[in-house]
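The block underneath contains the structure these notes are about, expressed in structure tokens.
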Amino acid sequence: MNWSEFFHMGGYAFFVWTSYAITFAVIVANIILPILQRKKVIARIKRAIKREQIELNREST
Amino acid sequence: MWHWIQRFSSPKHFYVMSAPLIRWFSVSALLLGVYGLYLGLFVAPPDYQQGESYRIIFIHVPAAWMSMFVYMVMAVSSGIGIIWQIRLADMVAAASAPIGASFAFIALVTGSLWGKPMWGAYWVWDARLTSELILLFLYLGYMALQSAIEDQRSADKASGLLAIVGVVNIPIIHYSVVWWNTLHQGATITKFDKPSMHIDMLIPLLLMAVAFKLFYAAVVLVRTRNEALYRDRNRRWVRELVERL
Amino acid sequence: MLKAYYHLLIRDLRLALRSRHELANPLIFFVLVVTLFPLAVTPTPQALQTMAPGVIWVSALLAVLLSLDRLFKLDYEDGSLDQLMLSPNPLMILVLAKVTAHWLLTGLPLVIIAPLLGLFMSLPAEAVSVLIYSLLLGTPVLSLVGAIGVSLTVAVNRGGVLLSLIILPLYIPILIFGANAVDVAADGLPVTGQLLFLAAVLALALSLAPLATSVALRITASR
């Protein structure tokens, strides 16, 4: 099968490739979003640590 | 043995143990997925009835299977969390929900895009699509309830109970929809209802099914680790870990 | 145990009857919504008859859904729910009493007024009797399963839409078989299968729903 036939998918190109594209997008989202979520959680914890440090310093002075 | 289970199921222990597992799951998911797609798109012959459009099956069916599998995992983990108070189980349930919902969404969209060439319409109230749509609603209801309750423990238990009630209902819903559908559509027979599929089509399908499972395993581990970090954010093990990052 | 059931049932009925004007609301809603369809679509008898089972059943569903709030909300707000949960009587029995009261006040009136709506929607006589049977079997399930949903959301502010999102998928089998029973009866065909299914779901709900509801109450409503 040559490449142009492959992309044509026997006339069903739109249906097949849109399905695969949307699936790919959802899969990628399921990779990126948890990574972003992790970064947000860690950043939030770091901010909390910093805030507590500041309060401790303030109390000890 | 109880001590072993308790130690094993501590979020901290889980966090440490899961790191190499994520790498393993994601690499094998990628390899199997690429190979499965290669076989499915290039090697498998066109269907004599549907031509090339049937190739959507290689993502539609595994996604549908996964949407149901993940729901079962969600319900079982919720049960474990409620009965034995193992917090890790609650975290796994919460982490699984968006992934399962994504699979249900993929199943619906690809099913719709497959339906147009096969049945002539983008949406048909086919038994499977209808059941899948209701499953998506069940997922959304679970996620909505989780985020609506402020206290984490209550939220976990409440949405866990909802998941368990949903599991009891899924066979009832599925049966009702299938029955309803046979009344209204006559027998919508698709070639792939029958298990006798050409082996060249079956192998990529099974490979993709396994690849999707491994993908779910990798993603749920990442999300569960995030839950563990967030929920234990005031505990020492998290604080020490974050400071080292 | 039976005494506790009886007393709680009487208490709920008595409390509800004090605000008698509120009781009619789900009923009026039911009739109103059904009336909207001939106005919105077409009043020709054939079209109405086709729509009738679905329209009446969906409207009944929505009417019950809207009235579910009263099941636990008031008790939650004034602390009586906590008292009920502290009672030595099994919470399941108490829940069953409250659900019975709810059905008597909401579901049963819908069943009674259904023949009038059958008339509005040009349903033939055989279909009307099946409509009554299906609603009689179905509305208790709506109250029972609805109780699970309300108990999960009772502590959530503005939990009304969330409640619908949670419960409606669970209502779908009842809707399918209930509406279908009436539809098939309008064609003169037998409906024993559908009615038996509804009865089976009722039996299942009677045994499991109060349990799930009491578990949910202990999770969400105990402060």
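The values are calculated or read from the model by the stated rules, or taken from the named source; none is laboratory data. On a predicted model such as this, the values are computed, not experimentally measured, just so you know. FYI the Cβ positions are ideal-geometry reconstructions off the backbone, even for glycines, and counts take in every protein chain you see.
Within segment B:131-150, can one find any residue that is over 16 Å from the mean Cα position of the chain (by Cα) and touching a residue at least 24 places away in the same chain (Cβ under 8 Å)? Yes, segment B:131-150 contains at least one residue that is over 16 Å from the mean Cα position of the chain (by Cα) and touching a residue at least 24 places away in the same chain (Cβ under 8 Å). Outside any helix (DSSP H, G or I) and among the hydrophobic types (A, V, I, L, M, F, W, C): does that describe residue C:123? Yes.
Kindly check whether there is at least one residue in segment B:136-153 that is within 16 Å of residue B:89 (Cα to Cα), at the interface with another protein chain (Cβ under 7 Å from one of its Cβ atoms) and assigned to a helix (DSSP H, G or I). Scanning segment B:136-153, I find no residue that is within 16 Å of residue B:89 (Cα to Cα), at the interface with another protein chain (Cβ under 7 Å from one of its Cβ atoms) and assigned to a helix (DSSP H, G or I), so the answer is no.
Scanning segment A:2-18 for residues that are at the interface with chain B (Cβ under 7 Å from one of its Cβ atoms) and either in contact with a Pro (Cβ under 6 Å, 6 or more places away or on another chain) or hydrophobic (A, V, I, L, M, F, W, C) (or both) returns A:9, A:12, A:15, A:16. Tell me, please, whether a residue that is of a type in the set (S, T, N, Q), modelled with pLDDT under 95, part of a helix (DSSP H, G or I) and closer than 17 Å to residue C:73 by Cα can be found in segment C:171-194. No, there is no match, as no residue in segment C:171-194 is of a type in the set (S, T, N, Q), modelled with pLDDT under 95, part of a helix (DSSP H, G or I) and closer than 17 Å to residue C:73 by Cα.
Exactly one residue among C:81, C:71, C:94 is more than 15 Å from the chain's Cα centre (by Cα), under 17 Å from residue C:13 (Cβ atoms) and not small (Gly, Ala, Ser), and that residue is C:94. Among the residues of segment B:76-129, those that are without any contact (Cβ under 8 Å) to a residue 24 or more places away in the chain, more than 17 Å from the chain's Cα centre (by Cα) and over 23 Å from residue A:17 (Cα atoms) comprise B:80, B:83, B:84, B:85. Taken over segment A:49-61, the residue count meeting the criterion of being more than 7 Å from every other protein chain (Cβ to nearest Cβ), in a helix (DSSP H, G or I) and either under 18 Å from residue B:105 (Cβ atoms) or not charged (D, E, K, R) (or both) is 5. Take the conditions crowded, with 18+ Cβ neighbours inside 10 Å, of a type in the set (Phe, Trp, Tyr) and either within 14 Å of chain B (Cβ to nearest Cβ) or over 20 Å from residue C:30 (Cβ atoms) (or both) and apply them to residue C:171. Does it pass? For residue C:171, the condition - crowded, with 18+ Cβ neighbours inside 10 Å, of a type in the set (Phe, Trp, Tyr) and either within 14 Å of chain B (Cβ to nearest Cβ) or over 20 Å from residue C:30 (Cβ atoms) (or both) - is met. Of all residues in segment C:127-145, none that is more than 13 Å from residue C:180 (Cβ to Cβ) and modelled with pLDDT of 95 or more has its Cβ atom under 8 Å from the Cβ atom of a residue that is hydroxyl-bearing (Ser, Thr, Tyr) and outside any helix (DSSP H, G or I), 6 or more apart or on another chain. Note on segment B:232-244: residues that are facing chain A (nearest Cβ under 10 Å) and in a helix (DSSP H, G or I) amount to 5. Reported count of residues in segment A:19-41, each being at the interface with chain B (Cβ under 8 Å from one of its Cβ atoms) and either of a type in the set (Gly, Ala, Ser) or in contact with a helix residue (DSSP H, G or I) (Cβ under 6 Å, 6 or more places away or on another chain) (or both), is 10.
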